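These notes are about the structure you will find just below.
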Amino acid sequence: MYLRFYDLNSTFTFGKFNGKTLKEVIEIQPGYIDWCAINLGHFHIDYEVMKQIRKFAPDFRISKEGQQILNEKITEWANDRDAEDAEKLRQDRIEDSISSKYGGAYGYNDDAIDSAFEGDPENYWNID
């Protein structure tokens, strides 16, 4: 999932406020931010940005629905990142085993096989 994390200086690149910053949009039509949170899958503002917004617009609020959707988006984004990280780690391990001299025999790396097994992966049985 792709999320764009907006801050006060982020410029909108879509819609009727194309070219305006988040701060400008809040000053012009604050309800548009709630609409974006609910309707745009890529749109996200986090807690720290909300604190900054409240400094200049103390009455600004995201609706309960908007808050729920923002929370769902960030949870899905985090889960996707965890899955991507796990897949990258798996791919790195596969690449490491393919590019190694011994192909990751018995789960050992090349250095372990060279030093502990005298360069022969079949010597793994002789470990004390």
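The values are calculated or read from the model by the stated rules, or taken from the named source; none is laboratory data. All of these numbers come straight from a predicted model, not from anything done at the bench. Because the Cβ atoms are built from the backbone with ideal geometry, glycine has one as well, and the counts that use them run over all protein chains shown.
Things worth noting here:
- Residue that is nearest to the chain's Cα centre (by Cα) [pool: residues in region 18-41 that are in a helix (DSSP H, G or I) and over 24 Å from Asn71 (Cβ atoms)]: Glu24
- Condition check for Glu48: out of contact with any Leu (no Cβ under 7 Å at 6 or more places or on another chain) and surrounded by 13 or more Cβ atoms within 10 Å (Cβ to Cβ): no
- Just one of the listed residues (Asp46, Asp34) is among the charged types (D, E, K, R) and modelled with pLDDT under 95, namely Asp46.
- Yes/no for Ile26 being touching a residue at least 12 places away in the same chain (Cβ under 8 Å) and out of contact with any helix residue (DSSP H, G or I) (no Cβ under 7 Å at 6 or more places or on another chain): no
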